[in-house]
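A short write-up of the structure that comes next.
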There are 4 protein chains.
Amino acid sequence: MSQLVRYGMVGGDEGAFIGKVHRRAIGFDERIQLVAGCFSASSQEKNKKTGQVLRLDPARVYDTYQDMAREEGKREDGIDFVSIVTPNVTHFDIAKTFLENGIHVMCEKPLTFTVEQAEELAHLAQQKNLLFGVNYSYTGYVLAKVMREMVAEGKIGKVISVNAEYPQEWLLDDLHPVEGQELSLSVWRKNPEIAGISNCVGDIGSHIENFVHYITGLKIKRLLATVNRFGQPLDLNANILVEYDNGANGAYWCSQVAAGTLNALAVRIYGDEGSLEWQQENPDYVRYTPRGEAPRTLTRGNGYLKEKAAAFSQLPTGHPEGLHVAFGNLYQQFASAVIAHREGQPTDGFDFPRVQDGVNGVKFIHAVINSAKNDSAWVHIN
Amino acid sequence: MSQLVRYGMVGGDEGAFIGKVHRRAIGFDERIQLVAGCFSASSQEKNKKTGQVLRLDPARVYDTYQDMAREEGKREDGIDFVSIVTPNVTHFDIAKTFLENGIHVMCEKPLTFTVEQAEELAHLAQQKNLLFGVNYSYTGYVLAKVMREMVAEGKIGKVISVNAEYPQEWLLDDLHPVEGQELSLSVWRKNPEIAGISNCVGDIGSHIENFVHYITGLKIKRLLATVNRFGQPLDLNANILVEYDNGANGAYWCSQVAAGTLNALAVRIYGDEGSLEWQQENPDYVRYTPRGEAPRTLTRGNGYLKEKAAAFSQLPTGHPEGLHVAFGNLYQQFASAVIAHREGQPTDGFDFPRVQDGVNGVKFIHAVINSAKNDSAWVHIN
Amino acid sequence: MSQLVRYGMVGGDEGAFIGKVHRRAIGFDERIQLVAGCFSASSQEKNKKTGQVLRLDPARVYDTYQDMAREEGKREDGIDFVSIVTPNVTHFDIAKTFLENGIHVMCEKPLTFTVEQAEELAHLAQQKNLLFGVNYSYTGYVLAKVMREMVAEGKIGKVISVNAEYPQEWLLDDLHPVEGQELSLSVWRKNPEIAGISNCVGDIGSHIENFVHYITGLKIKRLLATVNRFGQPLDLNANILVEYDNGANGAYWCSQVAAGTLNALAVRIYGDEGSLEWQQENPDYVRYTPRGEAPRTLTRGNGYLKEKAAAFSQLPTGHPEGLHVAFGNLYQQFASAVIAHREGQPTDGFDFPRVQDGVNGVKFIHAVINSAKNDSAWVHIN
Amino acid sequence: MSQLVRYGMVGGDEGAFIGKVHRRAIGFDERIQLVAGCFSASSQEKNKKTGQVLRLDPARVYDTYQDMAREEGKREDGIDFVSIVTPNVTHFDIAKTFLENGIHVMCEKPLTFTVEQAEELAHLAQQKNLLFGVNYSYTGYVLAKVMREMVAEGKIGKVISVNAEYPQEWLLDDLHPVEGQELSLSVWRKNPEIAGISNCVGDIGSHIENFVHYITGLKIKRLLATVNRFGQPLDLNANILVEYDNGANGAYWCSQVAAGTLNALAVRIYGDEGSLEWQQENPDYVRYTPRGEAPRTLTRGNGYLKEKAAAFSQLPTGHPEGLHVAFGNLYQQFASAVIAHREGQPTDGFDFPRVQDGVNGVKFIHAVINSAKNDSAWVHIN
């Protein structure tokens, strides 16, 4: 029975949307079982009720995450890992507490408010020899893994230019405030005490940074940016030019006020031997153009997968997998790493975003905001 | 605790692909719990192992579906429904047995080999006052529900023409047999004793028939068809002209030998006030053209949903939901119907394919094959 | 100066749309010069004015096409060919008259009302050893020529299934007549004395027939059809099943009442070694899927053209060519055939639709209408 | 006969591609007639032969553009305007000469090498009261005109963000030099004495600048850029951030080494009330999203055109117009301005790019190159 992986959740009560998405995705891996939780910090009623619906042992539905970390850390059959799905401002304290109690952590992004906090978590995880995943979920798509392998194999040669973006439209109404009506959707994002130094770049710009790095392996050497607040306390739109460690340049754009866009993460990687193009809203397809040839549309069923990323594909090709599968693939790899860790095996080979990816994300966010404050001057990262 | 819905599964051992998809989709609804199973008819080892992985009580992992139906039918805490995910040839006997033991049934399609068998199941379910769902999974997509409501509200007026198709490419290699190499993928589909009267029309043509009916409410009055076997025992390609009960015509095409297509179900409904177009491989979008206006692209976030099909949407718009969500929506409605049935409430309003849809599917398949045998003469259905 | 080709036009006065399109397309070939015309049968004022605008010798702007054919037939420097762009009902008489005066003919489609008329023209052209082109303009697109060559080279193997359609929306308003308001756009198309036996099949259905034949070389052996008038005198919508001379089947659909479609001719050819897909509204691209490989998007710049249809390409790839280029390619080939004819060289190799294509189109139209009248019975063509 | 507009051409001998495109597009307007030319500076044989093919009076086929300007300037029936289609390095001298002889000018872009030259031409045209058009051809597309009107009418509100690009792939092979083989395609573009200060930004980046300005009316206040030469003498790739006079930002990208792109000019304009998206390779369509509504696909037939840009549409909607129509629309407006000028009417209202657009283009090119030289510092333009 050594294949069983037990987990607990912090946050994600019945009313919370994202907690349910995580649980469903985790449930794709039949080895993983939910056994504990602290689902709501503000309402014990919601907390208990959620535990009941999920058919948990009431003794393992905890009033505070501190109790949960301590008690589960002591149990023989305690949780192997915790999934943290709370608002950003709380990530640091919760993650730190579970690490201190010897429990692996999978945490939502952005990891922390400050670079120092992120680095402290990275240091602590290493010190304790614990696994720490960060939920950059889009890297779980099968075609993301295909692209990564193709770049690594040299299919597009040396990367010479990158164009990536993540526009949304959902905060456009905030530019048209109605007298006496609160800007309900977004109010917490405008409070730097809750949201941190950035709204748009923090929430979605950091996905661009992580995703491009995941596909290409490139590191950002320096960047410059323009950022637009449109009269709001935090950023709603940003254009970023980057210089990678291989000398190439790229351009990133993120926005929450772009009419006609939803979660339109789109990435185009140009190499001196070909190119790759991918869009999050149609994630089962990649447009691949080898130099001097016609573009071709790769999907999970075009043969390439047979040798490569097939293990991550959950449905027959032609049936769209969607975001739950991407989340699920992250947790499936994380669970496999937990089992390997338990058995004293190496865990480096498993494919999920690590705490260092979380650190890089926080560095990126700060660099963008700082460049914009300094009239778009270059800011060095690595 | 009256919200808990217990189920068992017949078929779907660890190695079986589709059983896992069903379990994952069912797991989207946290009210539903797997408590029993007979996962493999051919291997008790696989059967037991699957029960173990799924953490079931070993006493409720049964050697035969007959045992399972009888024992679960007797228990206080017996299963509310069975999910049947076995090969087609077995559907009739298994479904009948569970109905006879007073257990609701959710069954894969096509429902049965013969029209008579399908009608017997329909009759039995009605007699026993039991729920009987058939897994026409594509009707679970949110945008399918949106289209259905739009047609019902008159957004496209009276339907005057339908164009629908379901091409695939996966059997194309069978037209190029290699000496000494078995046509492994498709061999059972070519044996009429296992596959029934039809391969292509039965497997995917019937999805067209069901999906168009789901969206429009139209019934087929008569049809004619050409069918192509290309030297194989059963059909690989079919073109069908239909006449609906409202006098309009439609054209259907299904194929398993169309290079460049995967599960390319595509439906276009033309009314005298507008049109709707939808594709299974990109299921979160509908192209809607009102008469005399520009086409618009509807998705889960364009406002329409706020009033209507929003309850079925499982992710923020712009994040692709995929097939698991479609499956999940069917089971979620089925589970709600089970609870309503338990409480003596009406169950007609719940939105999942019924046994009558299964009957219609079998009638359609037979009509197509019979028309082709009779040099494409019209065959009346209803 | 033997490269100069002189032509005259019948129809196409200043107010007439299609005449101008022809003249522009002809003008793409700097060898061809307009020198005579009879631009309007109903108004000598329009006729003269058009000649003036086009800077013609007033003596060569004729009152009647009969005068024009006779006089130009006598001149040393008379026209080499006539372009006939009048309404359908007049094609037969005009074309016959020019042939009888020894002048090559390029005529709009559909060629004639009856099969007998079309065959008479074909016979006369042969007897007189004159060139006779029919303006099936879509065959002039560069990618149409690419597809034709690919099929001929065996790139998709043996054709096993065809799916082609030509829907439009422009007559949809006719299903919603407004009291006291004439159905101005379409009124002549509803008068069988002017429009002939068919409206929709004659106007656009025949393009499907011709285009599929052009690409594949297949001939239709027999067909059956449903046709819808929706209360109007002539057809507005038709579904057609065909059987080709190689045994394969195909399905055609044409409509003038399909909301959201403009001139949406779309052709998909499936072979046992691959497939080709093309759409008239985006004519510079072909989706080509070799068996067992990923689909690729061919255009005028993907290398294939270097060897093949490049001579027809008029713009650098990536710059859309549009319909004028397609028209122009037909006339460019026709002019080359005229020069070859003049020099006693063979003219068979030039690539433009011939009078036999016109005959086939008229046969197709009659077969569809006759099948529908006979409750969709098969009608043999060839 | 006052509607006749006579023109001559400098450059564009029979072998030259772009001259023929201009002549065809000009020929779309039956008021305009070619009467003179100096088609080749290097070969009198080619020059004469081209005049012969085009059926010109041999006396008006000139050995030098200086002769042509002087002689045509003196004739009663001399040319109204000259179309200059020579390499960039010659634009300034030729345009200046014709202006000095009182002849209107339509010139290819980029207008000149230096800002000073461009401003001198602008000054001279104003002084002489002559028309001066610059061939930014993409502004001639009907949908470009539709977008311009929509922005002017406030359909998308205030512009808040722009994302525009023009990638190509045609110089990618230059990154893979083959021993002993000249980089034939691009060799003159790498010689600053012929190509000027820039290759990629000058050739295609300037189209972005002009097109966005045409649609939005926005002026660039300042910009910064990264530019990549990849070891070549001039730029092959550039990323540019701009700040407009209304305070909004935009990002531009141009490249000649982006595999899988041809002439992929794409422009997305985001306003606080909606957005517009357009692509040059599919120019008959615009995606328009009003705030809070579903995106819609506008084309020449969706009603909007009835009131607005319909005069520029040359084909029934659904038939692709292509680049010749865009060119033709520019010349048609220029010819109308010539006639108005002749009659002493105002010429401001005609819709074609003016010499000031040419000046702005040269300023833009220099600013981009200068920013890149200065480590991406901001460079002010206006």
Query raised in the report: Can you name every residue in region A:42-75 that is touching a helix residue (DSSP H, G or I) at 6+ places or on another chain (Cβ under 6 Å) and among the aliphatic types (A, V, I, L, M)?
Result: A:VAL61, A:ALA69
Query - Complete set of residues in region D:239-287 that are within 14 Å of chain C (Cβ to nearest Cβ), of a type outside the set (A, V, I, L, M), surrounded by fewer than 24 Cβ atoms within 10 Å (Cβ to Cβ) and within 18 Å of A:GLU165 (Cα to Cα) - result: D:GLN279
Query - Answer from B:LEU323, B:LEU315, B:LEU330 - the residue that is among the aliphatic types (A, V, I, L, M), under 30 Å from A:ASP284 (Cα atoms) and in a loop (DSSP other than H, G, I, E, B) - result: B:LEU315
Query raised in the report: Taking into account only those residues within region C:224-238 that are touching a Pro at 6+ places or on another chain (Cβ under 9 Å) and touching a residue at least 40 places away in the same chain (Cβ under 8 Å), which is surrounded by the fewest Cβ atoms within 10 Å (Cβ to Cβ)?
Result: C:PRO233
Report task. Return yes when B:TYR166 is at pLDDT 95 or above, within 14 Å of chain C (Cβ to nearest Cβ), surrounded by 22 or more Cβ atoms within 10 Å (Cβ to Cβ) and more than 17 Å from B:ARG229 (Cβ to Cβ) and no when it is not. Result -> yes
Query raised in the report: Yes or no: D:GLY12 crowded, with 19+ Cβ neighbours inside 10 Å, at positive phi and not hydroxyl-bearing (Ser, Thr, Tyr)?
Result: yes
**Report entry** Conditions (1) touching a strand residue (DSSP E or B) at 6+ places or on another chain (Cβ under 8 Å); (2) in the same structural domain as C:LEU305 (by TED's automatic domain parsing); number of the one not met by C:LYS109
**Finding:** (2)
Requested in this report: Could you tell me whether any residue of region A:84-96 is at pLDDT 95 or above and within 14 Å of chain B (Cβ to nearest Cβ)?
Outcome: no
**Report entry** Options D:ASN246, D:ASN239: the member that is of a type in the set (S, T, N, Q), more than 24 Å from A:ARG296 (Cα to Cα), out of contact with any Asp or Glu (no Cβ under 9 Å at 6 or more places or on another chain) and in a loop (DSSP other than H, G, I, E, B)
**Finding:** D:ASN246
Requested in this report: Determine, yes or no, whether D:GLU209 is modelled with pLDDT of 95 or more, acidic (Asp, Glu) and crowded, with 24+ Cβ neighbours inside 10 Å.
Outcome: yes
Query raised in the report: What is the residue count in region D:249-306 for residues that are charged (D, E, K, R), in a loop (DSSP other than H, G, I, E, B) and either under 10 Å from A:ALA259 (Cβ atoms) or at pLDDT below 95 (or both)?
Result: 5
Requested in this report: Assess whether A:GLY11 counts as being closer than 30 Å to A:ASN191 by Cβ and touching a Leu at 6+ places or on another chain (Cβ under 8 Å).
Outcome: no
**Report entry** Contacts under 8 angstrom Cβ, first residue in region B:196-209 being assigned by TED's automatic domain parsing to the domain that holds B:ARG268 and on the phi < 0 side of the Ramachandran plot, partner small (Gly, Ala, Ser) and part of a helix (DSSP H, G or I), 6 or more apart
**Finding:** B:SER198/B:GLY205; B:ASN199/B:SER186; B:GLY202/B:ALA195; B:SER206/B:GLY361; B:GLU209/B:GLY361
Query raised in the report: Can you name the number of the only condition in (1) exposed (fewer than 15 other Cβ atoms within 10 Å of the Cβ); (2) more than 26 Å from D:TYR138 (Cα to Cα); (3) of a type outside the set (Phe, Trp, Tyr); (4) modelled with pLDDT under 95 that D:ASP77 fails?
Result: (4)
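Quick check: anything in region A:328-338 closer than 20 Å to A:SER83 by Cβ, among the aliphatic types (A, V, I, L, M), surrounded by 20 or more Cβ atoms within 10 Å (Cβ to Cβ) and within 9 Å of chain B (Cβ to nearest Cβ)?
No, region A:328-338 has no match at all.
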Query raised in the report: Pairs under 8 Å by beta carbon, first residue at positive phi in region A:142-157, partner of a type outside the set (Phe, Trp, Tyr), six or more apart or different chains?
Result: A:GLY154/A:GLU273; A:GLY157/A:GLY271; A:GLY157/A:ASP272; A:GLY157/A:GLU273; A:GLY157/A:GLY274; A:GLY157/A:ARG291
Requested in this report: List the strands (runs of 3 or more DSSP E) that sit entirely inside region B:114-230 and contain at least 3 residues that are more than 25 Å from C:LEU172 (Cα to Cα).
Outcome: B:132-134, B:220-228
Report summary line: Exactly one of B:VAL368, B:VAL362, B:VAL325 is within 14 Å of chain A (Cβ to nearest Cβ), at pLDDT 95 or above and crowded, with 24+ Cβ neighbours inside 10 Å, and that one is B:VAL325
Report task. Return only the number of the condition from (1) within 14 Å of chain A (Cβ to nearest Cβ); (2) within 30 Å of A:ASN237 (Cβ to Cβ); (3) over 13 Å from the mean Cα position of the chain (by Cα); (4) of a type outside the set (Phe, Trp, Tyr) that D:GLY205 does not satisfy. Result -> (3)
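Here is a yes/no grid of residues against (1) surrounded by fewer than 24 Cβ atoms within 10 Å (Cβ to Cβ); (2) under 28 Å from A:GLY11 (Cα atoms):
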{"residue": "A:PRO110", "(1), (2)": "no, yes"}
{"residue": "A:PHE113", "(1), (2)": "yes, yes"}
{"residue": "A:LYS128", "(1), (2)": "yes, yes"}
{"residue": "A:GLY140", "(1), (2)": "no, yes"}
{"residue": "A:GLU149", "(1), (2)": "yes, no"}
{"residue": "A:GLU153", "(1), (2)": "yes, no"}
{"residue": "A:GLY157", "(1), (2)": "yes, no"}
{"residue": "A:LEU171", "(1), (2)": "yes, yes"}
{"residue": "A:LEU175", "(1), (2)": "yes, no"}
Query - Subset of region D:288-314 that is facing chain A (nearest Cβ under 10 Å) and in contact (Cβ under 8 Å) with a residue 24 or more places away in the chain - its residue that is surrounded by the most Cβ atoms within 10 Å (Cβ to Cβ) - result: D:TYR288
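Quick one: would you say B:LEU56 is over 22 Å from B:GLY133 (Cβ atoms), crowded, with 16+ Cβ neighbours inside 10 Å and of a type outside the set (Lys, Arg)?
Spelling it out, B:LEU56 is indeed over 22 Å from B:GLY133 (Cβ atoms), crowded, with 16+ Cβ neighbours inside 10 Å and of a type outside the set (Lys, Arg).
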Report task. Spot the failing condition for D:VAL355; the list is (1) in contact with a Cys (Cβ under 9 Å, 6 or more places away or on another chain); (2) assigned by TED's automatic domain parsing to the domain that holds D:ILE208, and only one is missed. Result -> (2)
Query raised in the report: Can you pull out the residues in region D:25-49 that are farther than 28 Å from C:GLY19 by Cβ, without any contact (Cβ under 8 Å) to a residue 40 or more places away in the chain and out of contact with any strand residue (DSSP E or B) (no Cβ under 7 Å at 6 or more places or on another chain)?
Result: D:SER40, D:SER42, D:SER43, D:GLN44, D:GLU45, D:LYS46, D:LYS49
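The values are calculated or read from the model by the stated rules, or taken from the named source; none is laboratory data. Only a predicted model underlies this, so the values are computations on that prediction, with no experimental measurement involved. Using ideal geometry, Cβ is built from the backbone for each residue, glycine included, and neighbour counts are taken over all protein chains shown.
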